[in-house]
Amino acid sequence: MLAQQLLNGLVVSGVYALFSLGFTLVFGIQRILNLAHGAIFMTGAMVAYYTVSAGGPLWLGFVLAILASGILSVIVELVCFRRLRKTGDEEFGGIISSIGAGLVITTIAQQVSSTQILRFPFETFPVVIYRFWGLRVSMLQLFMAGAAIVLVLVLGYFIYRTSFGRRVRAVTDNEHASMLMGINPNMIYAQTYFVAGALAGAAGVLVGLAFNSISFVMGEPYLMFAFAIIILGGLGSIPGALLASLVFGMVQTLTIAYLPSGLTDTIIFAALFLILLVRPNGILGKDDAGSLRGRR
Amino acid sequence: MLEVRDLRVHYSGIQALRGVSLDVRKGETVALIGPNGAGKSSLLNTISGLVAKDTGAITFEGQRIDGLAPWSVTKAGILQVPEGRQVFAEMTVLENLQVGETALAERAPTYGLEDVYKVFPILRERRDQRAGSLSGGQQQMLVIGRALMGGPRLLLLDEPSLGLAPVIIAQVFEALAELKAQGLTILLVEQNAHLALTSSDRAYVIEQGKIVKSDESRSLATDPEVTALYLGQD
Ligand SMILES: Nc1ncnc2c1ncn2[C@@H]1O[C@H](COP(=O)(O)OP(=O)(O)O)[C@@H](O)[C@H]1O
Ligand SMILES: [Mg+2]
């Protein structure tokens, strides 16, 4: 039934939003595609898993996952991008070096997990099903939707309502002028990468819980979808990424529910191409957003 | 207040400054005039820490500032209004002004929001508009206002008249005169020599990375060489 599927779609959208917002944030501020973002997401899920399997409570796993992913993301910025930025090679060089960083992280995770699919112990998250208006909702789904909404609102508040957010947007807009206003872009970059990584880590834990399946390659499909989402939303646009996450989550859930299996990705990417035919810069994209060349 | 001594700067292959010395005293407006490509922006950018020097020294209020990062130079109180009106286009006018406060660090503000609105009333009217949607003149006023929010002890202006209509130029320079009257120290870079010489106390002429003349602006305005080279077309 449709209402049930829409509800499921909303939960999926929330996870996509958490994952792709960080990816978008980084792209918006540096015009860099951080292809290690999927590995950072996976790291979040792994950290939560090992915390819980070592006997720690789930909330602690969550906190550690967010911290670890955030810090890992900052390390990726320092190792992969900062030096390349000095020589001006970050656009293409950064793609290669972040693929490399992603591989390193993924390979370490493969070693640590012995190439196994990891599963949380039974009832790590209480299995409770609520029924209302003929809908079935699990507590986990409510938690996922709630966590996604809260994190997105907190991010939105920080970016659009605080002086920290103004500085982030100033660097995004014009790095040269921002330095002349007393902003150290390197600080802003480190903070942005932390936030981006933390959101991805949170998404990783939620996905790990939802499917109760954690593996070293779990980031790959999400990276692919994040690509599609930021292109659809308009490169670097935060509201665009949110909207596109919603579209993707819904389309994916509905096609899985109502169409023969295997068509899902075909339809999603066909829809992407159709929308781009009409709006080449994405739903909320600016005219210059499609250009990978910096605007400065 | 600001002392530049024998400054040399090069970009890959190009010698942009070949031993520039220049002083700005407290309360003065000093103009730097010269043709396109003479090295005016390079000098401002070296002072601001955006470009690294080869040799020479820059001293501000007794402290060496050459070698400092741009954000540290602004925190010392040197605020640059860069060439080409670099507003934060996607942010509102008010947000642009608020970003300017970053440069204060621990210093007390010298111009608050109300003071900036008093100098440029149009910014109050447009405060919730996207900065990118302002006209060129309004953007120039905004970037000056944004620098004022950073509590400048020394304001560096790079070609504030560039690309603006004469009426708008007059408005901007009226505001600069007002700031000067309030005691602000200004280093003004201009290609428009007439404008620069009538709105400054002293002036330097720079050509091919070298200061070739310096004097009271009043005297330079009647200097035969300067009038022939820079004031002829006005
Ligand atoms: N970033 C740069 N890289 C290489 N050369 C530059 C750069 N900026 C300026 N130049 C060169 O340095 C010289 C001085 O330029 P500039 O300081 O911008 O002059 P002005 O501001 O007086 O027009 C010019 O020859 C210019 O082409
Ligand atoms: Mg110039």
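Residues whose amide H lies under 5 Å from that of A:Leu263, counting only those 5 or more places away or on a different chain, are absent; hydrogens are built 1.01 Å from N in the peptide plane. For segment A:146-174, a drop of 10 Å² or more in accessible area on going from the chain alone to the assembled protein chains (1.4 Å probe) is found at A:Arg166, A:Arg167, A:Arg169, A:Ala170, A:Asp173, A:Asn174.
What does the accessible area of A:Leu259 come to, in Å² to the nearest 10, when a probe of 1.4 Å is used? Looks like 70 Å² after rounding. With all pairs of separate Cα atoms included, segment A:1-149 yields a Kirkwood hydrodynamic radius of 17.3 Å. Per the Kirkwood formula applied to alpha carbons, chain B shows a radius of gyration over Rh ratio, Rg over Rh, of 0.95. Considering only A:Gly262, A:Phe27, A:Tyr160, the residue lying farthest towards the positive end of the dipole of segment A:2-278 is A:Tyr160, judged by Cα position with unit charges set on Cβ. Taking the convex hull of the alpha carbon positions in the protein assembly as shown and averaging its projected area over all directions gives 28.6 nm².
Computed about its Cα centre, the charge dipole of chain B is approximately 340 debye, with only Lys, Arg, Asp and Glu carrying charge at their Cβ.
Taken per residue, the accessible surface of segment B:123-234 reaches 43 Å², heavy atoms only and a 1.4 Å probe. Calculated accessible area for chain A comes out at 44 Å² per residue, all protein chains present (probe 1.4 Å; ligands, DNA, RNA ignored).
3J(HN,Hα) along segment A:93-100: x, x, 4, 5, 5, 6, 4, x Hz, from the Karplus curve 6.51 cos²θ - 1.76 cosθ + 1.60 with θ = phi - 60°, whole Hz, x for Gly and Pro. Taking packing as the residue-averaged number of other Cβ atoms within 10 angstrom, the listed peptides A:52-64, B:178-190 run from highest to lowest as B:178-190, A:52-64. Residues of segment B:27-57 losing 20 Å² or more of accessible surface, assembly versus chain alone, probe 1.4 Å, please list them. Residues passing the criterion (a loss of at least 20 Å², heavy atoms only) are B:Leu50. Summed over both chains, the area buried between B and A is near 1900 Å², taken from the accessible surface of protein heavy atoms with a 1.4 Å probe. Quick one: angle between helix A:163-173 and the longest Cα principal axis of chain A, in degrees between 0 and 90, rounded to 10, please. Tilt of helix A:163-173: around 70 degrees. By the rule of a C-alpha distance below 27 Å, with chain neighbours fewer than 8 residues away ignored, the lysines paired with B:Lys26 are B:Lys40, B:Lys53, B:Lys75, B:Lys118, B:Lys180, B:Lys210, B:Lys213.
Dipole magnitude for the protein assembly as shown: computed about the Cα centre from +1 point charges on Lys and Arg Cβ and -1 point charges on Asp and Glu Cβ, it is near 960 debye. Assuming charge only on the beta carbon of Lys and Arg (+1) and of Asp and Glu (-1), the dipole of chain A about its Cα centre is about 500 debye to the nearest 20. Only helices enter the 222 nm calculation for the protein assembly as shown: every DSSP H run of n ≥ 4 contributes -39,500 (n - 2.57), and dividing by all residues gives -17500 deg cm²/dmol, rounded to 500. Measuring r between the beta carbons of B:Ser72 and A:Leu103 and using R0 = 56 Å, the FRET efficiency lands at 0.90. For A:Lys86, the aspartates and glutamates whose Cα falls under 15 Å of its own Cα, not counting residues fewer than eight places away in the same chain, are A:Glu77, A:Glu175. Of the accessible area of the protein assembly as shown, computed with a 1.4 Å probe over protein heavy atoms only, carbon and sulfur atoms account for 61 percent. The equivalent ellipsoid of chain A has semi-axes of 30, 23, 18 Å, largest first, where each one is the square root of 5 times an eigenvalue of the Cα gyration tensor.
The values are calculated or read from the model by the stated rules, or taken from the named source; none is laboratory data. Keep in mind that what you see is a predicted model, and the values were worked out from it rather than measured. Note that each Cβ is placed from the backbone with ideal geometry, even for glycine, and that neighbours are counted across all protein chains shown. Heads up: the accessible areas ignore ligands, DNA and RNA and are worked out on the full protein's heavy atoms, side chains in. Shrake-Rupley method; radii C 1.70, N 1.55, O 1.52, S 1.80 Å.
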